[in-house]
Amino acid sequence: MSHPPELFFSKEHEWTTGTEGEVTIGISSFAIEQLGDVVYIELPEKGDEFLVGESFGTIESTKTVSDLYMPVSGQVTSINEDILADPASLQDDPYIDGWLIKVEANDGADTLMNAEEYDQFIKEEL
């Protein structure tokens, strides 16, 4: 399994484009595969602030409902309305069109993994 090398990943399977400035956050293709068919996503409001590790929403599939956890601390600057309107499309493209929120990160998470470390983490989890 290979993930985009330019992204950073959390142990909760969220990804981010970085740890400082405006970053984009989503959920990994591995997590999507584990969830199955996504039927609903709940995301925060623009302007909401979160700390690393706090739940910022939920994702519901035909199998389960899971919390989404912040990989960095910061304030939400944008929400992907297209994903809210069509949650199933997340399965087609979780890394480009399937982003969830954008955040003005004010604290980088030193627990994030690069793609290679994340791939190894997944292998150990399985």
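Could you name the lysines in cross-link range of Lys46, using Cα to Cα under 18 Å and dropping any fewer than eight places away on the same chain?
Qualifying lysines at Cα under 18 Å: Lys102.
Could you give the longest part of the chain that holds none of the GluC sites (Glu not before Pro) found in DSSP loops with at most 14 neighbouring Cβ atoms within 10 Å?
Result for the longest clean stretch: 55-126.
So what are the radius of gyration and Dmax for the Cα set of the chain, in Å?
Cα-based Rg and Dmax for the chain come out at 13.2, 37 Å.
From the residues Trp99, Val76, His13, which one has its Cα farthest along the dipole of the chain in the positive direction, the dipole being from +1 and -1 charges on Cβ of Lys/Arg and Asp/Glu about the Cα centre?
His13
Rounded to a whole number, what % of the accessible area of the chain do carbon and sulfur atoms account for, probe 1.4 Å?
Exposed carbon and sulfur together represent 44 percent of the surface.
So if we plug the beta-carbon distance of Glu20 and Thr62 into 1/(1 + (r/R0)^6) with R0 = 41 Å, what FRET efficiency do we get, rounded to 0.05?
Numbers: r = 37 Å, r/R0 = 0.90.
About 0.65, to the nearest 0.05.
Give me the accessible area per residue for the chain, probe 1.4 Å, as a whole number in Å².
52
Glu104: net charge of surrounding residues, Cβ under 15 Å, Lys/Arg +1, Asp/Glu -1, itself excluded?
Net charge around Glu104: -4.
Could you work out the local net charge near Thr77, counting Lys and Arg as +1, Asp and Glu as -1, over the other residues with Cβ closer than 13 Å to its Cβ? It would help to have the intermediate numbers written out before the result.
Values: positive: Lys46, Lys102; negative: Glu22, Glu45, Asp48, Glu49, Glu104.
Summing Lys/Arg as +1 and Asp/Glu as -1 gives -3.
What does the net charge come to around Thr58 if you take all other residues with beta carbon closer than 9 Å to its beta carbon, with K and R at +1 and D and E at -1?
In short, -3.
Return the lysines within reach of Lys123: Cα separation strictly under 25 angstrom, same-chain partners fewer than 8 residues apart disregarded; answer none if there are no such residues.
Of all the lysines, those that pass the test against Lys123 - Cα under 25 Å, at least 8 places apart if same chain - are Lys11, Lys63.
The values are calculated or read from the model by the stated rules, or taken from the named source; none is laboratory data. Quick caveat: nothing in here was measured; it's all calculated off a predicted structure. For neighbour counting, all protein chains shown are included, and Cβ atoms are generated from backbone atoms with ideal geometry for every residue, glycine included. Please note that ligands, DNA and RNA were not included when accessible areas were found on the heavy atoms of the full protein model with its side chains. Shrake-Rupley method; radii C 1.70, N 1.55, O 1.52, S 1.80 Å.
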